[in-house]
Amino acid sequence: MSEMTFETPNGAANNGVANKSLFFRRWLRNPLQMGSIIPSSPALCRKIAAAVERSPDEYVLELGAGTGVISRALLAAGVPADKLIVVEIVPEMAEFLRESLPGVNVICGDAFALRQALPAQMQGRIGTAICGIPLVLLPFERQQAFRDAVEEVAPGKGFLLYTYCATSPLPYGKLEMSGRRMAFTLANFPPASVWRYQPAARP
């Protein structure tokens with residue numbers, strides 16, 4: 001993807017698949033693990049899917065999948081079910097995802113301990129990692145821990161992060177990463193951006 005793309009509310013549509021009730025209950029239990037009280041819009045999901053990079057033998061790793069609206073957009077964009085890994089820490093949500101996303105690798109585990117959560121054969125074979133966790137709300141040490149967790153299983157790849165911040169939600173220079181906003185859409189509540197963060201090139 002060579003340039004940032006924009007989308008307005010004219011393209012928005014109702015998403016009848018998402019289980020909003022489950023999503024909201026999940027948010028009430030722990031708002032710091034979810035950035036919004038409603039699932040991501042179809043417009044934002046398409047933006048995220050369009051930013052994915054992977055070779056045919058690589059996986060896409062989604063962290064904090066909620067009710068799976070982004071997972072479904074990834075599948076619709078051509079990611080094979082057996083090449084999609086979804087990590088969800090809450091057992092109830094993980095079970096919902098297993099039932100609603102047949103063929104997808106759904107793992108009930110911690111996004112901050114990916115080496116322990118992911119099977120060995122999947123580690124080192126991830127093309128794109130996608131973060132749905134509101135990292136901007138976490139202290140810098142936890143942001144570092146997330147960066148390191150992704151680096152352990154997807155060395156050199158970095159991750160995509162969707163956010164409602166007007167500017168970069170992460171201090172990427174301090175994290176020794178590069179950061180670039182890939183897309184923005186008004187057709188989400190609230191309006192959202194997709195950022196790509198990658199390990200900074202060392203001199």
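What follows is calculated from the coordinates using simple rules that are stated; it is not laboratory data. Note that the structure is predicted; figures quoted are calculated from it, not measured. Reconstructed Cβ throughout: ideal geometry from the backbone, glycine too, with neighbour counts over all protein chains shown.
For region 152-166, how many residues meet the condition of being surrounded by 14 or more Cβ atoms within 10 Å (Cβ to Cβ), out of contact with any Gly (no Cβ under 8 Å at 6 or more places or on another chain) and not aromatic (Phe, Trp, Tyr)?
In the first step, residues of region 152-166 are kept if they are surrounded by 14 or more Cβ atoms within 10 Å (Cβ to Cβ); the result is 152-154, 157-165.
Now drop any that are not out of contact with any Gly (no Cβ under 8 Å at 6 or more places or on another chain), which leaves 152, 158-161, 165.
Keeping just the survivors that are not aromatic (Phe, Trp, Tyr) gives 152, 158, 160-161, 165.
Number satisfying all stated conditions: 5.
Among the residues of region 126-140, which ones are aliphatic (A, V, I, L, M) and either over 20 Å from GLY156 (Cα atoms) or not in a strand (DSSP E or B) (or both)?
First, pick out the residues of region 126-140 that are aliphatic (A, V, I, L, M): 126, 129-130, 133, 135-138.
Answer for region 126-140, where residues must be aliphatic (A, V, I, L, M) and either over 20 Å from GLY156 (Cα atoms) or not in a strand (DSSP E or B) (or both): ILE133, LEU135, VAL136, LEU137, LEU138.
Against the condition under 23 Å from SER55 (Cα atoms), in contact (Cβ under 8 Å) with a residue 12 or more places away in the chain and of a type in the set (A, V, I, L, M), how does ALA94 come out, does it pass? Before you say what the answer is, go through the steps one by one.
Numbers: under 23 Å from SER55 (Cα atoms): no; in contact (Cβ under 8 Å) with a residue 12 or more places away in the chain: yes; of a type in the set (A, V, I, L, M): yes.
For ALA94, the condition - under 23 Å from SER55 (Cα atoms), in contact (Cβ under 8 Å) with a residue 12 or more places away in the chain and of a type in the set (A, V, I, L, M) - is not met.
With respect to ARG54, is the statement that it is without any contact (Cβ under 8 Å) to a residue 12 or more places away in the chain, on the phi < 0 side of the Ramachandran plot, basic (Lys, Arg) and out of contact with any Asp or Glu (no Cβ under 6 Å at 6 or more places or on another chain) true? Can you show your working first?
Details: without any contact (Cβ under 8 Å) to a residue 12 or more places away in the chain: no; on the phi < 0 side of the Ramachandran plot: yes; basic (Lys, Arg): yes; out of contact with any Asp or Glu (no Cβ under 6 Å at 6 or more places or on another chain): yes.
Judged against the criteria, ARG54 is not a match.
From the residues in region 148-173 that are of a type in the set (A, V, I, L, M, F, W, C) and assigned to a helix (DSSP H, G or I), which one is farthest from ARG125 (Cα to Cα)? Spell out how you get there, then give the answer.
First pass over region 148-173, keeping only residues of a type in the set (A, V, I, L, M, F, W, C): 149-150, 153-154, 159-161, 165-166, 170.
From what is left, the residues that are assigned to a helix (DSSP H, G or I) are 149-150, 153.
Working: ALA149: 15, VAL150: 12, VAL153: 8 Å.
Only one residue tops the list, namely ALA149.
Take the residues in region 174-203 that are free of Cβ contacts under 8 Å to residues at least 24 places away in the same chain and not in a strand (DSSP E or B); name whichever of them is farthest from the chain's Cα centre (by Cα).
Step by step, filter region 174-203, then rank; the result is PRO203.
Out of the residues in region 95-104 meeting the condition of being surrounded by 18 or more Cβ atoms within 10 Å (Cβ to Cβ) and assigned to a helix (DSSP H, G or I), tell me which one is nearest to the chain's Cα centre (by Cα).
LEU97
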